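Working notes for the structure below.
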Amino acid sequence: MTKQKTTTGRFGELAARHRFALNPHVDYRASRCPGCARPTRRRKFVLSIGVVPGHIVAMGKDCRYCPDCDVIIAHQDELEDLLAKLFADAAPEVVGNDYVVLGLVERRFWRQHLGRPADQSDFRRHVADFRSYETISESPSLPQSRSKTKKGDSHPNS
Ligand SMILES: [Zn+2]
């Protein structure tokens, strides 16, 4: 269901946290977790994103989060909309370029530097990489087909 990429090299200097999954499917909104089928929560995270060539930004973004799997799910279309707005004035030539979600930025650091570019080496000290990075490779059908026939057997671990 998910394709896992091993991270090559580190960006953030804080200990790695959470798993991250990018959702490229506009018809799938991850209201239930693709891993465990439990309802996900809406939660705001501050993502650090690198855009080719050489731009690094911090961006507050509403994501879906499954506390059981510790996975953050971000919709690709929303992410790219926000990036396009962010770069519309500052660097319109990079809109549509390749990008990578690097990790999570400390909230306090983000607030202090909101709208102001920070020194990059300083920035990295306030970023935590993800423990894993995945792309949701197909619309998971499990959550929808299961929800009606649940009989208390939905805990695969027991
Ligand atoms: Zn889950």
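Below are the figures for this structure:
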| item | result |
| --- | --- |
| Some residue of the range 68-76 being among the polar types (S, T, N, Q), in a loop (DSSP other than H, G, I, E, B) and either within 22 Å of residue 36 (Cβ to Cβ) or modelled with pLDDT of 95 or more (or both) | no |
| Selection from the range 26-48 of residues that are surrounded by fewer than 17 Cβ atoms within 10 Å (Cβ to Cβ) and over 13 Å from the mean Cα position of the chain (by Cα) | 26, 27, 29, 31, 38, 39, 41 |
| Filter pass, residue 46 being at pLDDT below 95, away from the ligand (no atom under 16 Å from the Cβ), in contact with a helix residue (DSSP H, G or I) (Cβ under 8 Å, 6 or more places away or on another chain) and among the hydrophobic types (A, V, I, L, M, F, W, C) | no |
| Test set (1) over 24 Å from residue 123 (Cβ atoms); (2) surrounded by 15 or more Cβ atoms within 10 Å (Cβ to Cβ); (3) modelled with pLDDT under 95 - residue 51 fails condition number | (1) |
| The range 1-12, residues that are under 25 Å from residue 114 (Cα atoms) and either surrounded by 15 or more Cβ atoms within 10 Å (Cβ to Cβ) or at pLDDT 95 or above (or both) | 11, 12 |
| Residue within the range 62-77 that is within 13 Å of the ligand (Cβ to nearest atom), at positive phi and either surrounded by fewer than 12 Cβ atoms within 10 Å (Cβ to Cβ) or not small (Gly, Ala, Ser) (or both) present | yes |
| Complete set of residues in the range 33-55 that are more than 30 Å from residue 119 (Cα to Cα) and either aromatic (Phe, Trp, Tyr) or touching a Cys at 6+ places or on another chain (Cβ under 9 Å) (or both) | 33, 34, 35, 36, 38, 39, 40, 41, 42 |
| Inter-residue pairs, beta-carbon under 6 Å, first of a type in the set (Lys, Arg) and surrounded by fewer than 19 Cβ atoms within 10 Å (Cβ to Cβ) and in the range 125-146, second at pLDDT 95 or above and not in a loop (DSSP other than H, G, I, E, B), 6+ apart | 131/16; 131/19 |
| Tabulated pairs, the range 39-53, first closer than 12 Å to residue 105 by Cα, second among the aliphatic types (A, V, I, L, M) and within 16 Å of the ligand (Cβ to nearest atom), C-beta under 7 angstrom, 6+ apart or interchain | 45/72 |
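The values are calculated or read from the model by the stated rules, or taken from the named source; none is laboratory data. This one's a predicted model, so the numbers in the text were calculated from it and none came from an experiment. As a convention, Cβ positions derive from the backbone with ideal geometry for all residues, glycine included, and neighbour counts pool all protein chains shown.
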